[in-house]
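The values are calculated or read from the model by the stated rules, or taken from the named source; none is laboratory data. Remember, predicted model here, so these are calculated numbers, not experimental data. Ideal geometry is used to build each Cβ from the backbone, glycine not excepted, and the neighbour counts take in all protein chains shown. To get the accessible areas, we keep the full protein, side chains included, count just its heavy atoms, and leave off ligands, DNA and RNA. Shrake-Rupley method; radii C 1.70, N 1.55, O 1.52, S 1.80 Å.
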Amino acid sequence: MTEMEILGPASLRGGGYKVDVSKGERVGRVSSEWFSRPDDERFLSLDELMASVRGRAERSTTRTVDSAVVRVEASREDPERLALILPGADAPVAPTHWSFGQLASLVGAPASYLRQLPAALAGINLQYGLSSHRAEQIKTLEARNGRTELRAVTGPDYGRIYDHELVSAVQRIAGNGTGDTRWKVPGVLDWRTGVYNPHVDVSRDTTTLYASDRDVFLFLVDDLNTIEAGRLPDGSPDLYFRGFYCWNSEVGAKTLGIASFYLRAVCQNRNLWGVEDFEEITIRHSKYAAGRFAHEAAPTLLRFADSSPMPFVNGIRQARERIVARTDEDRTEFLRKRGFSKGETAKIIETVLTEEGHPPSSVFDFVQGITAVARTRPHQDARLELEGRAKKLLDRAA
């Protein structure tokens with residue numbers, strides 16, 4: 001076997017493969033989503049997810065109206081509920097928790113305070129704010145589902161990208177997301193054996209396809225097609241696979257974004273382990289957001305899905321081969337010249353010696369030492385700063 005080789009499904013022995021998750025970065029974004037999602041926000045396939053988000057888009061309408069002509073109505077039958085009378089609407093619309101907060105923010109009112117008031121009093125405050133709203137216009141997103149709900153209130157230049165547009169872009173490369181293409185919901189790492197098993201049934205507990213009334217989040221991997229990038233200290237292959245996650249909110253709760261990377265494993269709690277070459281793009285929902293999605297974000301997904309991993313593999317190889325330090329003095333000088341403190345330098349060198357069994361000599365050794373030290377930092381900002389410096393070092397080696 002060559003030092004760098006793309007292995008593929010035939011490399012899977014006994015249902016999985018050994019990985020070393022002490023290398024690279026740990027990314028907790030997917031785990032945070034996994035922990036926070038109730039069952040009704042978890043989907044077992046991209047088809048199921050698409051039916052949900054497309055269905056609500058088909059039931060939705062948008063309009064841009066003058067804020068001064070919007071009327072706030074408090075219901076006598078339900079003193080805790082407000083409704084809005086919009087010009088051209090057939091019936092009053094009921095704001096959701098999210099859109100009520102947006103509406104309050106647009107008129108400069110504290111939403112948390114208004115929610116504590118009786119509906120009639122909150123309505124008076126909102127009515128005053130709408131009548132004197134300096135921006136003059138608001139854009140609404142309304143959905144019919146038994147009654148008409150106000151799902152979002154934004155400024156008139158808000159560039160909405162619908163959740164189903166992102167899901168559709170993912171489906172073009174991932175099919176149903178359950179194994180009908182190379183892209184699928186990930187498997188799981190067995191911590192007892194260090195074996196990653198890509199063959200795991202998709203269930204409410206294992207899925208990484210999520211959508212709520214205000215956002216969508218998807219995470220898929222190509223974990224049946226492993227990539228060998230060199231050898232571990234014990235001589236076993238250092239295996240990676242590709243992954244990406246993406247997110248959007250058609251109601252203005254967050255940006256649209258796509259992150260792509262190589263990783264070594266995903267654990268049961270959906271933490272990503274051994275991450276390398278992490279890249280991320282985000283698109284704010286500004287006036288030209290739809291055009292940027294069509295010309296930048298969607299093509300990025302296609303390029304990553306179809307791209308060869310060889311640039312990544314070659315970068316790892318070059319970093320392994322590039323010897324930059326042969327003595328203790330060289331090691332200290334290499335790190336100190338790159339802005340690492342005396343304490344950081346000693347910790348990085350000690351970590352490589354402990355984990356690899358030899359002092360750092362190649363760029364790859366130093367990168368692994370820096371990311372290992374970064375994992376010990378309790379504060380995210382400090383951790384990300386160190387990981388960023390490690391990535392720059394690796395990029396320069398390539």
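Odds and ends about this structure:
- Computed [θ] at 222 nm, deg cm²/dmol, the chain (DSSP H ≥ 4; -39,500 (n - 2.57); rounded to nearest 500): -11000 deg cm²/dmol
- Distance violations [Cα-Cα > 20 Å] among K23/K254; K18/K391; K337/K391; K254/K392; K184/K254: K23/K254; K18/K391; K254/K392; K184/K254
- Heavy-atom accessible area per residue - the chain, 1.4 Å, Å²: 47
- All-pairs alpha carbon distance profile, segment 323-383, 5 Å steps from 0, percent: 4, 21, 32, 27, 11, 5, 1
- Debye, to nearest 20: dipole size of the chain, +1 on Lys, Arg Cβ, -1 on Asp, Glu Cβ: 660
- Whether the chain is rounded, prolate or oblate, judged on the alpha carbon gyration tensor where a/c under 1.5 counts as rounded: prolate
- Screening the chain for whole DSSP H helices of 15 Å or more along their axis (Cα) with average Kyte-Doolittle hydropathy at least -1.0 returns 46-58, 119-131, 163-174, 310-321, 342-356, 363-375.
- Annotation: peptides 57-67, 233-243, 261-271, ranked by per-residue average of other Cβ atoms within 10 Å with the highest first, follow the order 261-271, 233-243, 57-67.
- Inter-part distance, segment 333-379 to segment 83-119, computed on C-alpha centroids, equals 53 Å.
- Percent accessible area from carbon and sulfur atoms, the chain, protein chains only, probe 1.4 Å: 50
- Chain lengthening between D213 and E329 when straightened (0.36 nm per residue, less Cα-Cα): 36.0 nm
- Selection from V19, L114, L272 lying farthest towards where the dipole of the chain points positive, charges on Cβ: L114
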